[in-house]
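Values quoted throughout were computed directly from the atomic coordinates according to the rules given, and no laboratory measurement underlies them. Quick caveat, the model's predicted, so the values are computed rather than measured. As a convention, Cβ positions derive from the backbone with ideal geometry for all residues, glycine included, and neighbour counts pool all protein chains shown.
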Amino acid sequence: MYEKVRKYNKKILENNELLIIAGPCAVEEESRILRIAQFLKSLGVKYLRAGAYKPRTSPYTFQGLGPKGLEILRNVKMKTGIKIVSEIMDASQLEFYEDVDIIQVGARNMQNFSLLKALGKTNKTILLKRGFGATIDEWLYACEYLLNEGNDNVILCERGIKTFETQTRNTLDISSVPIVKGISKIPVIVDPSHSAGRSDIIIPLARAAVAVGADGLLIEMHEEPNKALSDKEETIDFKQFETLLYEIREIHDVVKKITLS
Ligand code: PEP
Ligand code: MN
């Protein structure tokens, strides 16, 4: 069994505050990332996420800027004070992640055990996404790999699973949130963007995630979604993001008021 996941007792999120992580799918030119970071900061969002290394289904689509992308994120962090989140694809890239506040392990790497072991040896906060073909137990076993190596700075992220449904890119398994919360105190956030694969249902899915008890959200947003270099179909714009934030904060206040445990 995943004993360390079960017995997890660290409180890594600030008291009852939603963890909101947002930004474009991929790191783009610095001036754009800077404007997005400034916008997020103006709304009280503390984490900017953008991918420097992108795991793409097709080798012919934009693969990310690599180390240059991480340098852009570092510069934007220095200029704005925003914290940064970015996905790692291989343990050999770790040297570039020193200034990254939260390292994301994407769905495709959830069971990359050598990567998990290497990240488990660091004290970085790791955001472990659920594999799109992984059961909740498999996801929690993957998390146990991180904990086993001594790193207890972990956050889980539900991002949808593959089903027969074709209207969405994946099916958001909203039930995993209360199930995992019934097993462990590890924070669980939800990524409605990669779940849905379409921008028009991100806001209602985000509302549902907070209502079901998620500790936060990961949202793909961009100042001009139709010009985004990656995942534009699921990316919301600034105005939609502002609406989302307002609505989920209202819902979160209600959830805090009515839940006793
Ligand atoms: C991402 O977060 O940009 C990503 C590729 O997501 P996932 O690993 O959930 O598919
Ligand atoms: Mn994406």
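Table for the structure above
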| read-out | value |
| --- | --- |
| Average Cα contact separation per residue, the chain, under 8 Å, 6 or more apart, as relative contact order % | 19 |
| Under 5 Å, built H, 5+ apart or other chain: amide partners of Gln104 | Ser86, Glu87, Ile88, Leu127 |
| Most fluctuating residue given options Ile84, Ile183, Ile36, as computed from a GNM of the chain linking Cα atoms under 10 Å | Ile183 |
| Difference of contour (0.36 nm per residue) and Cα-Cα distance, Gln167 to Met1 | 56.2 nm |
| Added length on full extension, which subtracts the Cα-Cα distance from 0.36 nm per residue, Glu98 to Glu223 | 42.3 nm |
| Lys121/Glu14 FRET efficiency (R0 25 Å; Cβ-Cβ; nearest 0.05) | 0.45 |
| Dimensions in Å of the stretch 44-126 - Rg and Dmax from alpha carbons | 12.7, 37 |
| Placed amide H near Ala228: partners under 5 Å, 5+ positions off or other chain | none |
| Label-point separation, Asp237 to Glu138 (7 Å along Cα→Cβ), nm | 3.9 |
| Centre separation in Å (Cα based) which lies between the stretch 120-194 and the stretch 35-94 | 20 |
| FRET efficiency, Arg74 to Lys256 (Cβ-Cβ, R0 45 Å, nearest 0.05) | 0.85 |
| Kirkwood Rh, angstrom, the chain [1 / mean 1/r, Cα pairs] | 18.2 |
| The stretch 1-147, relative contact order in percent, only Cα pairs under 8 angstrom and at least six apart counted | 21 |
| 28 Å Cα-Cα threshold exceeded, pairs from Lys7/Lys117; Lys227/Lys256; Lys41/Lys227; Lys77/Lys257; Lys181/Lys257; Lys181/Lys232 | Lys227/Lys256; Lys77/Lys257; Lys181/Lys232 |
| Cross-link reach list, aspartates and glutamates versus Lys124, counting only Cα pairs under 14 Å and skipping chain neighbours closer than eight places | Glu87, Glu95, Glu98, Asp99, Asp101, Glu149, Asp152 |
| Of all DSSP beta bridges in the chain, antiparallel share, percent nearest 5 | 5 |
